[in-house]
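> Have a look at this one.
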Amino acid sequence: MARNTLPDRPATIRTVADRAGVSKSLVSLVLRGSPNVSQAKRRAVQDAITELGYRPNLIARTLSERRTNMVGVLLNDLRNPWFVDCLEGLTQVLHAQGLRTSLAGGRLDRRTDESLLRAFLELRVDGLVLLGTMPSSPVIVEATAGIPTVVAASRDIALPHVDVVANDDRYGTELAVSHLLELGHTRIAHLAGTFGAVAEIRRRSYLQVMDSRGLADRQLVELCDGTEEGGYRAAIRLLNLADRPSAIFAVNDIACIGAMSAAGELGLRIPQDVSMVGYDNTSLAQIRHVWLTSVDNASPEVGRRAGEALLRRMTEPRAEATEELVRPSLQIRGSTRPPAV
């Protein structure tokens with residue numbers, strides 16, 4: 001019977017060093033990817049690691065280096081596909097620098113967010129990204145005081161040494177409303193979000209554009225919670241008005257898709273009877289049978305820039321806070337056309 005050559009106990013950095021005929025400190029240099037190791041000794045250590053099945057003890061390394069190489073990402077809404085693209089841009093930048101991400105999702109629930117933030121504090125993450133709309137709180141203040149932090153896709157938190165990377169929502173709203181005005185619409189309604197600075201900026205910008213075109217008396221705002229159901233219910237109220245709007249601009253794509261469902265249920269055709277514009281240019285807007293005109297707020301770019309901002313913040317934790325706005329564009333598809341005569 002062949003003799004089992006595997007060790008009875010898990011390999012350690014000491015057994016790897018003994019097998020390779022080098023010191024423990026040199027094994028540590030190899031594990032960290034240091035260039036100050038000869039190719040011959042690096043190969044001997046790597047061969048020993050393979051033969052022994054050695055796996056580094058991450059907990060021990062964290063204690064010795066006082067780093068976890070982990071970034072905590074608190075995201076307020078895992079159901080919005082815009083954040084998936086934003087996360088992709090963020091993780092590409094962080095992973096390229098050897099940083100892993102730990103994702104936690106809340107839903108505008110302060111208790112949940114605070115519990116998740118405390119978990120990140122206990123994990124001693126090296127950086128923190130607050131992604132999406134969320135209010136400031138004592139726990140956020142506590143966390144950001146000790147952890148390099150970046151706020152992405154939100155304008156709700158303004159704290160010392162916390163950078164913000166967000167969309168230029170004023171410009172994006174102007175693109176959407178101006179597009180509808182140029183098509184000839186004057187009765188343009190806005191499905192407005194009920195929470196957060198971003199929703200408020202989009203609402204105010206809609207009002208400003210309408211007012212600047214002499215259409216203050218044609219302004220029409222209907223509140224919704226930004227969900228598909230919320231958009232559906234708000235659109236039902238709008239489209240049942242005697243003087244119903246000929247176009248709807250929604251706070252996001254998800255609410256706009258709910259509005260499209262409401263129009264279909266009421267026997268209205270899009271865009272022949274009512275034009276619709278969303279915001280976010282999510283994958284949902286690009287589905288062929290939806291084909292929604294939408295403001296593209298460059299979600300991967302927001303994520304990439306947030307990652308780059310966090311890397312800078314980790315090297316200069318006491319630098320002054322910055323705010324960076326990413327300029328959006330308008331993707332015109334099949335949900336808009338001139339109003340029916």
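Nothing in this text is a laboratory measurement; each read-out follows from the coordinates by a stated rule. Computed from a prediction, not measured in an experiment: that's the story for all the values here. Cβ sites come from the backbone with ideal geometry, for glycine too, and all protein chains shown count toward neighbours.
> What residue among I157, T68, W82 has its Cα farthest toward the positive end of the dipole of the chain, where the charges are +1 on Lys, Arg and -1 on Asp, Glu, each on the Cβ?
Of I157, T68, W82, it is T68.
> Still on this model: Quick check on segment 141-191: what are the equivalent-ellipsoid semi-axes from the Cα gyration tensor, as sqrt(5λ), descending, whole Å?
That gives 37, 9, 6 Å for the three semi-axes.
> Now a separate question. Let me know the longest stretch in the chain that avoids all chymotrypsin sites (Phe, Trp or Tyr not before Pro) found in a DSSP loop with at most 16 other C-beta atoms within 10 Å.
Values: sites that count: F195, W291.
Between exposed loop sites, the widest span is 1-194.
> Treat every Asp and Glu Cβ in the chain as -1 and every Lys and Arg Cβ as +1, leave all other atoms uncharged, and give the resulting dipole magnitude about the Cα centre to the nearest 20 debye.
Values: 41 positive and 39 negative charges, 287 e Å.
Here the size comes out at about 1380 debye.
> Over segment 169-297, what is the relative contact order in percent, taking alpha-carbon pairs closer than 8 angstrom and at least six residues apart?
Numbers: 248 pairs, mean separation 30.8, N = 129.
That works out to 24 percent.
> Among V274, V93, rank each residue by its count of other Cβ atoms within 10 Å, from fewest to most, as a rough exposure measure.
On the way: V274 28, V93 18.
With the sparsest Cβ surroundings first, the list reads V93, V274.
> Pull up all non-local amide H partners of G184: gap of 5 or more, or a different chain, and H-to-H distance under 5 Å with H placed in the peptide plane.
Amide H neighbours of G184: none.
> Using only C-alpha positions, report the orientation-averaged shadow area of the convex hull of segment 13-56, nm², one decimal. Don't jump to the answer; show the numbers that get you there.
Values: hull surface 10.2 nm².
Here the figure is 2.6 nm², rounded to one decimal.
> Please compute the Kirkwood hydrodynamic radius over segment 169-297, one decimal place, Å, based on all pairs of different Cα atoms.
On the way: mean 1/r = 0.0714 Å⁻¹.
One over the average 1/r among Cα pairs gives 14.0 Å for segment 169-297.
> Now a separate question. Taking the Cα centre of segment 169-297 as the origin, how large is its charge dipole in debye, to the nearest 20, when only Lys and Arg (+1) and Asp and Glu (-1) carry charge on their Cβ atoms? It would help to have the intermediate numbers written out before the result.
Working: 12 positive and 16 negative charges, 47 e Å.
Charge dipole, segment 169-297, about its Cα centre: 220 debye, nearest 20.
> Quick one: Cα centre-to-centre distance for segment 72-138 and segment 165-195, in angstrom?
Rounded to whole Å, the Cα centres lie 28 Å apart.
> Further question on the same structure: To the nearest 20 debye, what charge dipole does segment 13-56 have about its Cα centre, counting +1 at the Cβ of each Lys and Arg and -1 at the Cβ of each Asp and Glu? Write out the running numbers ahead of the final one.
Working: 8 positive and 3 negative charges, 26 e Å.
Result for segment 13-56 is approximately 120 debye, rounded to the nearest 20.
> Kindly state, to the nearest 0.05, the FRET efficiency for S38 paired with E142, given R0 = 56 Å and r defined as their beta-carbon distance. Working shown, then result.
Details: r = 47 Å, r/R0 = 0.83.
Efficiency for this residue pair is about 0.75.
> Distance in nm between label sites at Q219 and W291, each 7 Å beyond Cα in the beta-carbon direction?
3.4 nm
> At q = 0.26, 0.30 Å⁻¹, what is the log10 ratio I(q)/I(0) for segment 196-242, with the Debye formula run over Cα points and no solvent?
Relative scattering, expressed as log10 I(q)/I(0), comes to -1.00, -1.04.
> Could you list which residues have their amide H under 5 Å from that of I248, counting only those 5 or more apart in sequence or on another chain, with H placed in the peptide plane?
A189, S275, M276, V277
> Radius of gyration and Dmax for the chain's Cα atoms, expressed in Å?
Computed over the Cα atoms of the chain, radius of gyration and Dmax are 26.1, 92 Å.
> Further question on the same structure: Sorted from fewest to most neighbouring beta carbons within 10 Å, what does the list I257, I248 look like?
On the way: I257 22, I248 32.
In order of increasing Cβ crowding within 10 Å: I257, I248.
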